[in-house]
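The values are calculated or read from the model by the stated rules, or taken from the named source; none is laboratory data. Since this is a predicted model, take the numbers as computed values, not measurements. Glycine gets a Cβ as well: all are built from the backbone with ideal geometry, and neighbour counts include every protein chain shown. SASA here: full protein model, heavy atoms, side chains in, ligands and nucleic acids out. Shrake-Rupley method; radii C 1.70, N 1.55, O 1.52, S 1.80 Å.
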Amino acid sequence: MNIRDEAVLRELNLYPLWVRRNAPAPLEQIEVQATSVAQAEVAVVQTPAELPGIVNPAAEKNAESVSRPNARSAESDWPALKQQVRDCTACKLRATCTQTVFGVGDENAEWLFVGEGPGADEDAQGEPFVGQAGKLLDNMLAAIKLKRTSRVYIANVVKCRPPNNRTPEADEIAQCLPYLQRQIELIKPKLIVALGKTAATALLGHDATLGSLRGRVHDYRGIPLIITYHPAYLLRSPAEKAKAWQDLCLAVTTHSA
Ligand code: SF4
């Protein structure tokens, strides 16, 4: 492990740790030393088949209840879709935001991370997950050997900042979701990670507590979907970082399966 790795895991409250000597793929073999109550919750990474509560993707009814891409995005290629989002005034969020925040990353990414919506920093810079929450997300990515510029795409459910960072309302999500759905169709990711309840609910098409959705593999139109906490929540509740680490480990094993 290099100094950067240590820094990342310290940021996630997951250091010190050790790696099995003969492990060919360190991340998949990580055991976290239980030096605190939170860390004690982190176990050896399991394969999806070993994890309790895994949902059979074919059996889980979710994506069909999500609203379909509407006419403004259903057939769009990347340039057209970006232009449509730039020009969009379909909901009231556009009246109060500075600019739309489309998404960032590798347009052929294997990994798609989906958040809720832009905050103040994102609204100002036009990029998702900048500022403190973005820094934590970058560290979470680094902990599983990823970075936002390679093999990763990052997007939000709504592309315009809700006033005072409130949760997007149902009509706003309904209007904006087709853009995310089209992004997913174009990217064709191998795995989706929903960051927070808003993203999970939008992608699953039904409401549930985030705690009840974690720890198993869901399905979004044939794509494995992992659900974890939003980085902004983890900044407010650092004890939950250990659970987020569990979720990331599940994502890695699912991606590798
Ligand atoms: Fe359009 Fe989405 Fe912005 Fe609403 S949040 S105006 S639907 S881009």
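The 1.4 Å probe gives accessible areas that order Ile154, Ile173, largest first, as Ile173, Ile154. Here the accessible area of the range 86-164 is 44 percent carbon and sulfur, with a 1.4 angstrom probe and all protein chains present. Cross-link check: pairs Lys190/Lys243; Lys92/Lys145; Lys92/Lys241 evaluated at a Cα-Cα cut-off of 32 Å; pairs beyond the cut-off: Lys92/Lys145; Lys92/Lys241. Using a 7 Å offset from the Cα along the Cα-to-Cβ direction at both Ala174 and Thr98, what is the distance between the two label points in nm, to one decimal? That separation, rounded to one decimal, is 3.1 nm.
Here each label is just a point 7 Å from Cα along the line to Cβ, and for Asn164 and Lys145 those points are 4.6 nm apart. Compared with the alpha-carbon gap, the fully stretched path from Lys188 to Ala208 is longer by 4.6 nm at 0.36 nm per residue.
According to the square roots a ≥ b ≥ c of the eigenvalues of the Cα gyration tensor, what is the shape class of the range 104-181, taking rounded for a/c under 1.5, prolate for a/b larger than b/c otherwise, and oblate for the remainder? It comes out oblate by the Cα gyration axes.
Accessible surface for the range 137-257, divided over its residues, is 33 Å² per residue with a 1.4 Å probe.
Here the range 84-111 and the range 155-186 have alpha carbon centers that stand 8 Å from each other. One chain, two ends: Ala257 and Trp78. Fully extended at 0.36 nm per residue, the span grows by 61.5 nm beyond their Cα-Cα distance. As a rough guide to protection, the peptides 188-195, 79-86, 201-208, 110-117 ranked by mean Cβ packing within 10 Å, highest first, stand as 110-117, 188-195, 201-208, 79-86. Rounded, prolate or oblate for the range 148-236? Axes are the square roots of the Cα gyration tensor eigenvalues, ordered a ≥ b ≥ c, and the cut-off for rounded is a/c under 1.5. Verdict is rounded for the range 148-236.
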